[in-house]
């Protein structure tokens with residue numbers, strides 16, 4: 001159970017923060033950057049949910065993903081990979097794969113790369129996708145220096161793919177995608 005009685009503690013005023021195990025680290029530590037970027041992805045998904053055009057299935061998926069991203073942050077904020085803490089599982093990755101496949105089924109294959117945009121929902125899904133990719137890169141950097149649950153990297157990789165397919169769904173199953181025209185601005 002989480003209980004937050006005091007929000008302003010002044011504990012970070014010197015540029016340090018506490019990890020989930022109580023360890024004090026600099027606020028620019030790789031681990032803090034990684035879960036901070038995950039938090040940023042979660043926030044932009046909150047904005048994306050405002051632009052889903054009344055699609056209750058997409059909203060339910062995004063709500064689950066927002067909760068998953070809190071799990072990802074909880075996993076990352078405690079060093080190590082021990083099972084004594086909340087950890088991301090492969091079941092969460094599998095759910096993303098299943099949803100992605102279901103969303104992708106009615107969408108025609110791509111014949112070009114697509115530019116981020118189209119509908120407001122698709123544009124926000126693309127923004128969320130790019131932040132999820134950055135979170136993945138941050139976690140990979142962290143994993144090169146310290147132990148990270150490998151399911152976190154898999155989850156973030158699947159999430160960016162999921163958000164890409166969602167953007168196509170929100171663009172009328174690809175009908176409103178904006179195709180890249182190579183060299184168009186020469």
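The numbers here are math on the coordinates, done by the rules we state, and not lab data. In this text, all values refer to a predicted model and were calculated from it rather than measured experimentally. All Cβ positions, glycine included, derive from the backbone under ideal geometry; neighbour counts span all protein chains shown.
Quick look at the numbers
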{"read-out": "The chain: calculated mean residue ellipticity at 222 nm from DSSP helix runs of at least 4, using -39500 (n - 2.57)", "value": "-19000 deg cm²/dmol"}
{"read-out": "Residue order, fewest to most surrounding Cβ atoms within 10 angstrom, among 18, 119", "value": "18, 119"}
{"read-out": "Residues residue 59 and residue 181, FRET efficiency given R0 of 35 Å [Cβ-Cβ distance, rounded to 0.05]", "value": "0.60"}
{"read-out": "For semi-axes √(5λ) of the Cα gyration tensor in Å, calculated from these coordinates, the label among (i) 39, 22, 14; (ii) 29, 19, 12; (iii) 33, 17, 16", "value": "(iii)"}
{"read-out": "Burial order of peptide ranges 43-50, 55-62, 179-186 (average beta-carbon count within 10 Å, highest first)", "value": "43-50, 55-62, 179-186"}
{"read-out": "Sequence of 165, 152 once ranked by neighbouring C-beta atoms within 10 Å, starting from the fewest", "value": "165, 152"}
{"read-out": "Segment 16-177, relative contact order [Cα under 8 Å, separation at least 6], %", "value": "31 percent"}
{"read-out": "Segment 116-168 - convex hull of the alpha-carbon atoms, volume per residue in Å³", "value": "49 Å³"}
{"read-out": "Principal-axis tilt of helix 120-145 within the chain, Cα atoms, nearest 10 degrees", "value": "40 degrees"}
{"read-out": "Residues 164, 113 arranged by fewest to most Cβ contacts within 10 Å", "value": "113, 164"}
